[in-house]
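Chemist: Got a structure for you, questions after.
The values are calculated or read from the model by the stated rules, or taken from the named source; none is laboratory data. All figures in this text were calculated on a predicted structure; none of them were measured in a lab. All Cβ positions, even for glycine, are placed from backbone atoms using ideal geometry, and neighbour counts span all protein chains on display. SASA here: full protein model, heavy atoms, side chains in, ligands and nucleic acids out. Shrake-Rupley method; radii C 1.70, N 1.55, O 1.52, S 1.80 Å.
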Amino acid sequence: MIALAGLVVAAQARTEESAELVSRWDFDVYLNDKRVGKHFFEVTEVDGMKRVESEANFKYKILFIPAYRYEHTNSERWADNCLVRFEARTNANGKRMQARGEKNDDSFKVAGKDGLVELPECVMTFAYWNPKFLEQQRLLNPQSGEYLDVEVEQLEPATLTVRGETIAANRYRVTAEKMNLTVWYSNDNQWLALESVAKGGNIIRYELS
């Protein structure tokens with residue numbers, strides 16, 4: 001079996017005050033076969049609480065003229081696989097969106113596209129870095145604040161080329177309103193890649209850089 005060390009950047013940073021375990025995924029983003037930007041995810045664990053920071057920035061041009069721009073940042077806090085709070089900001093080609101939410105005693109309250117909404121106490125986002133999100137029937141979209149019904153289907157195993165190495169991978173299809181995703185994981189549940197069907201049938205693909 002090919003060693004997976006180096007597929008996901010991981011390090012332990014220890015200080016006198018605390019111990020942190022940091023995992024980071026840096027993806028090149030492609031629209032069909034054209035590289036259009038990057039998206040990174042960083043997970044830090046401190047005293048049992050996970051802090052997740054992500055940032056996306058892509059743009060593409062048609063005949064050297066800018067056609068589309070997407071910028072997105074999201075900051076999340078997690079405890080025991082439950083979202084504690086989040087705040088996300090998005091600029092989708094000039095359309096600006098913002099959503100935020102926080103866990104209270106017995107619910108999770110979200111302010112987003114649908115106004116102020118009260119959700120169950122324990123919710124998960126599309127947390128690709130944590131394969132347990134695949135076990136959920138509903139997921140929170142942090143970009144809009146919508147709580148979506150989802151269907152997850154495990155597909156046939158496949159091989160995937162990651163940084164020039166051929167890896168055995170497990171595949172899952174995740175569908176929700178206006179979403180059609182395929183996510184790949186290694187045999188030890190490391191996130192390897194993502195593919196999404198975009199408007200017009202275009203394919204957005206995430207490859208580890």
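Chemist: Lysines within cross-link reach of LYS132: Cα-Cα under 18 Å, excluding same-chain residues under 8 positions apart?
Modeler: LYS50
Chemist: Another question about this same structure. Classify the stretch 37-157 as rounded, prolate or oblate, taking a ≥ b ≥ c as the square roots of the eigenvalues of its Cα gyration tensor: rounded when a/c is under 1.5, otherwise prolate if a/b is larger than b/c and oblate if not. Please list the in-between numbers first.
Modeler: Details: a/c = 1.72, a/b = 1.48, b/c = 1.16.
In terms of gyration-tensor shape, prolate.
Chemist: Here is a follow-up. On average over all directions, what projected area in square nanometres does the chain have, based on the convex hull of its Cα atoms? Don't skip to the end; give the middle numbers.
Modeler: Values: hull surface 53.0 nm².
Result: a mean projected hull area of 13.2 nm².
Chemist: In terms of modelled amide H atoms, which long-range or inter-chain residues lie less than 5 Å from the amide H of PHE108?
Modeler: Close amide H contacts, sequence-distant or interchain: LEU119, GLU121.
Chemist: Starting at the first residue of the stretch 31-40, write each ³J(HN,Hα) from the Karplus equation 6.51 cos²θ - 1.76 cosθ + 1.60 with θ = phi - 60°, in whole Hz, x for Gly and Pro.
Modeler: Values, residue by residue: 9, 6, 9, 9, 6, 10, x, 9, 8, 10 Hz.
Chemist: Give the lysines reachable from LYS95 as a straight Cα distance under 26 Å; neighbours fewer than 8 places away on the same chain don't count.
Modeler: LYS95 reaches LYS34, LYS38, LYS59, LYS61, LYS109, LYS113, LYS178, LYS199.
Chemist: Using a 1.4 angstrom probe on heavy atoms only, work out the carbon and sulfur share of the accessible area of the chain in %.
Modeler: Working: 5580 of 12020 Å².
Roughly 46 percent, rounded to a whole number.
Chemist: In sequence order, what are the phi-derived ³J(HN,Hα) couplings for the stretch 160-175 according to the Karplus relation 6.51 cos²θ - 1.76 cosθ + 1.60 with θ = phi - 60°, rounded to whole Hz, with x for glycine and proline?
Modeler: So the J values, rounded to whole Hz, are 9, 8, 10, 6, x, 10, 8, 10, 6, 9, 9, 10, 9, 9, 10, 10.
Chemist: Can you work out ³J(HN,Hα) from phi for every residue in the stretch 181-189, in order, using Karplus 6.51 cos²θ - 1.76 cosθ + 1.60 and θ = phi - 60°, giving whole Hz and x for Gly and Pro?
Modeler: With the stated coefficients, the stretch 181-189 comes to 10, 10, 10, 10, 10, 6, 5, 9, 6 Hz.
Chemist: For the ranges 134-141, 110-117, what's the packing order if you count other beta-carbon atoms within 10 Å of each residue, average per peptide, and put the highest first? Please list the in-between numbers first.
Modeler: Details: 134-141: 17.1, 110-117: 15.4.
For the peptides 134-141, 110-117, the packing ranking is 134-141, 110-117.
Chemist: Which whole-number value in Å² is the accessible area per residue of the stretch 96-209, probe 1.4 Å? Don't jump to the answer; show the numbers that get you there.
Modeler: Working: 6230 Å² over 114 residues.
On a per-residue basis, 55 Å².
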